[in-house]
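Student: Shown below is the structure under consideration.
The values are calculated or read from the model by the stated rules, or taken from the named source; none is laboratory data. Here the structure is a predicted model, which means the values were calculated and not measured. So basically every Cβ, Gly included, is an ideal-geometry build from the backbone, and we count neighbours across all protein chains shown. These area figures cover heavy atoms from the full protein model, side chains too; ligands, DNA and RNA do not enter into them. Shrake-Rupley method; radii C 1.70, N 1.55, O 1.52, S 1.80 Å.
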Amino acid sequence: MPMNIAIDGPVGAGKSSIADQVAARLNILHLDTGAMYRAFGLYALRSGVDMNSEEALSGLVERVDVQVEYRDGAQRTLLFGEDVSEMIRTGEVSAAASAVSKWPAVRRHMVRAQQEMALKADMLIDGRDIGTVVLKDSPCKIFLTAATEERARRRYLQQTAKGDMTPYEQVLRELNARDEQDMNRKTDPLRQAEDAVLVDSTNMTQDETVDAIVAIVEEIYGKQ
Ligand code: DC
């Protein structure tokens, strides 16, 4: 069995960058499942379908081609072969990803694809339902969170560094809206798996958080 590590948590907990660094330290791949929902959200936007229609979206998810590739160890996300890795990071696509991901038909399709990938290689997978669904039998699960205002502050700093001048209050509002949707949907809502270890990074630096997670992994899988 490959070594599989599950990391879940809310928006802006730093999952992606922390997961990238932990995976690099352990010399394994990092699968960012949010990018897959984002790529599908982008496709739904481009197709102009009603995001409130499960029927329309289940038809679309059967036809979509979302692939993940690794170049120099970094994930690239492809939509029908087009590299959309950067394009899927806008606010519009974030909202679309959150909207499409609430539908069971969409989740079933994505979960299956993620489980197939997890069988093929040692992998750290981050998302919302990894410890509870995708890797529910994994012995190594982490729930990474931080206080809401701190998560919004980090997201705001990230965005302004990229030239996106969205005000802090709006970032906080959007983050709350997305948390609300991700935690309250009927199918596979974001929640901490019973056997997940909680890491609260509110008062931790990135390096401290990475160290803490590597230590948890090594306790479970032994020193890598
Ligand atoms: O992690 P992220 O912000 O890139 O995720 C984008 C959206 O996709 C998020 O609002 C919820 C959804 N998502 C999900 O439902 N399940 C996952 N495993 C990963 C992401």
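Student: With label points built 7 Å along Cα→Cβ from the Cα atoms of Glu169 and Asp50, find their separation and express it in nm.
Tutor: So the label points at Glu169 and Asp50 sit 3.4 nm apart.
Student: Which percent of the accessible area of the stretch 32-150 is formed by carbon and sulfur heavy atoms (probe 1.4 angstrom)?
Tutor: 49
Student: Also: Give a residue-ordered list of calculated ³J(HN,Hα) values for the stretch 120-137 (Karplus: 6.51 cos²θ - 1.76 cosθ + 1.60, θ = phi - 60°; whole Hz; x for Gly, Pro).
Tutor: 8, 7, 4, 7, 9, 10, 10, x, 10, 10, 6, x, 8, 10, 4, 10, 5, 9
Student: Quick one: net charge of Gly14's neighbours, Cβ under 13 Å, K/R +1, D/E -1?
Tutor: -3
Student: OK, next. By how many nm would the segment from Lys162 to Tyr70 lengthen if fully extended, with 0.36 nm per residue of separation less the alpha-carbon distance?
Tutor: Stretched out fully, the Lys162 to Tyr70 stretch lengthens by 30.8 nm.
Student: Once every DSSP H run of n ≥ 4 in the chain is given -39500 (n - 2.57) and the sum is divided by its residues, what mean residue ellipticity at 222 nm do you get, rounded to the nearest 500 deg cm²/dmol?
Tutor: Mean residue ellipticity at 222 nm (helix-derived): -16000 deg cm²/dmol.
Student: If r is the Cβ-Cβ distance from Ala24 to Glu219 and R0 is 25 Å, what FRET efficiency results, to the nearest 0.05?
Tutor: Efficiency at R0 = 25 Å is approximately 0.80.
Student: Write down the percent of antiparallel bridges among all DSSP beta bridges whose residues are both part of the stretch 1-160, to the nearest 5.
Tutor: 40
Student: Under the 0.36 nm per residue contour assumption, what length would be gained going from the current alpha-carbon distance of Gln181 and Met1 to full extension?
Tutor: 61.4 nm
Student: Then there's this: Mind jotting down the distance between the C-alpha centroids of the stretch 50-64 and the stretch 203-224, whole Å?
Tutor: Here the answer is 39 Å between Cα centres.
Student: Between the stretch 1-39 and the stretch 123-138, what's the alpha-carbon centroid distance in Å?
Tutor: 10
Student: Shifting gears a bit: What distance in nm separates the two pseudo spin-label positions at Ala147 and Arg63, each 7 Å out from Cα along the beta-carbon direction?
Tutor: Each label point lies 7 Å from its Cα, and together they span 4.8 nm.
Student: Please list the non-local residues whose amide H lies under 5 Å from the amide H of Ser201, H modeled 1.01 Å from N, same-chain partners needing a gap of 5 or more.
Tutor: Here the answer is Thr145, Ala146, since their amide H atoms fall under 5 Å of that of Ser201.
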